[in-house]
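First comes the structure, then the notes that go with it.
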Amino acid sequence: DVKGSKAAGARSLVFIHGWPDTPAVFDRQVAKFQDEYRIVLLTLPGYAGEPMPFFGHPFDDVVTMLIASVKEAMHGRQDKPILVCHDWGAALGTIMMDKEPELFERAVLLDIGCHVGNLSAKATFVYVAYQWTLAVAYLLPRFIGTPITKFVAWFFNTPRAAVARAHQNMDYLYLRFWQLLLTGRAPAAMGKFKVPKLPILFMYGSKKPFMFHSERFVKYLEDTPGSAAIGFPSDHWFFARERCANDVNVAIEKFLKSKL
């Protein structure tokens, strides 16, 4: 979906959402930037209810499809797109930047950093428990899997509209991720400390059971000219919450207008 400014010189913002959302999770950001920027909204494969392979799309295929969608949206244009990604979108966006570093101008990563680091025993348990629950939910009959998906979304205080739309097909990325992780085939960009060599604005909610980033990653951004890390006293969906959205948008605007 492409909307926003049709001005010849308008720069392109490419939004990629995560679980269990749709591009609507970025409504507050789209409303802020659509008059000045060209807005490209990508939906994760499988999230619109379209048919999928039995075990869901392979992880590498998802990355390939998203890169192809970005290139299609940018066909014939001179500007490089700017990624604005949340959750799985941020994880996949990091891999996309690793695979095609010359494709993008800069990136805004929301709540998922390029490096997670070591988690405490309690955080590791919660992290593994919810992800395995969703991976298993994907494999169950729909009348069982979808209620489990909605429950997990509700448990983590997902925006209500997303909980209502959530369905088990959205869970396949967890199954595919753990399949790669347990067989030692996880993308290098998701394991090692490997940050894309372009300006990155990383913003995160600080009121969560555990963080999806390491302090090393934050320090790297703070020490890198053109990049920054900002925490907000909220949860995983801080950028969509009314109390934080304006400050998030101000930070994004400042980042977009900064010189490379």
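If you work out percent of Cα pairs over 33 Å apart from the coordinates, which of [x] 34; [y] 14; [z] 18 do you get?
Identified label for the calculated read-out: [y].
Can you flag which of K6/K150; K197/K254; K3/K259; K219/K257; K3/K99; K194/K257 are past 30 Å Cα-Cα? Write down the numbers at each step before the final one.
Working: K6/K150 38 Å; K197/K254 20 Å; K3/K259 25 Å; K219/K257 22 Å; K3/K99 27 Å; K194/K257 26 Å.
Over 30 Å apart, Cα to Cα: K6/K150.
What 222 nm value per residue comes from the helices of the chain, counting each DSSP H run with n ≥ 4 as -39,500 (n - 2.57) and dividing by all residues, nearest 500 deg cm²/dmol? Before the final figure, lay out the partial values.
Values: 9 runs with 108 residues, N = 260.
Per the formula, -13000 deg cm²/dmol.
Need the full-extension length gain, K254 to A123, defined as separation in residues times 0.36 nm minus the C-alpha distance. One decimal, nm.
Extending this stretch completely gives an extra 43.8 nm.
Farthest toward the dipole's positive end in segment 3-94, which of Q34, W19, L83, given Cβ charges of +1 (Lys, Arg) and -1 (Asp, Glu) about the Cα centre?
The residue sitting farthest along the positive end of the dipole is Q34.
For a quick protection proxy, order the peptides 224-231, 56-63, 167-174 by their average other-Cβ count within 10 Å, most packed first. Please report the intermediate quantities before stating the final value.
Numbers: 224-231: 15.4, 56-63: 18.2, 167-174: 23.6.
By packing density, highest mean first, the sequence is 167-174, 56-63, 224-231.
With the contact rule set at Cα under 8 Å and sequence spacing of 6 or more, what percent relative contact order holds for segment 36-143?
On the way: 67 pairs, mean separation 22.3, N = 108.
Computed value for segment 36-143: 21 percent relative contact order.
Percent antiparallel among DSSP beta bridges with both residues in the chain, to the nearest 5?
Numbers: 3 of 26 bridges.
Percentage antiparallel, nearest 5: 10.
If I take every Cα pair under 8 Å that is 6 or more residues apart in segment 123-260, average their sequence separation and divide by the length, what percent do I get for the relative contact order? Walk me through the numbers before you get to the answer.
Details: 128 pairs, mean separation 25.7, N = 138.
Computed value for segment 123-260: 19 percent relative contact order.
Grab the Cα-Cα distance for F55 and K197, subtract it from 0.36 nm times how many residues apart they are, and report the gain in nm with one decimal.
Working: separation 142, 0.36 × 142 = 51.12 nm, distance 3.35 nm.
Full extension of this stretch gives 47.8 nm more.
In whole Å, what are the extents of segment 39-143 along the principal axes defined by its C-alpha atoms, from largest to smallest?
Largest to smallest, the principal-axis extents are 46, 36, 21 Å.
Once you keep just the Cα pairs under 8 angstrom separated by 6 or more residues, what percentage relative contact order results for segment 162-240?
On the way: 58 pairs, mean separation 23.3, N = 79.
With pairs under 8 Å counted, the relative contact order is 30 percent.
Bear in mind these aren't lab numbers, they're just calculated from the coordinates by the rules spelled out. What you are looking at is a predicted structure, and each value in this text was computed from that prediction instead of being measured. Note: ideal-geometry Cβ built from the backbone for every residue, glycine included; neighbour counts use all protein chains shown.
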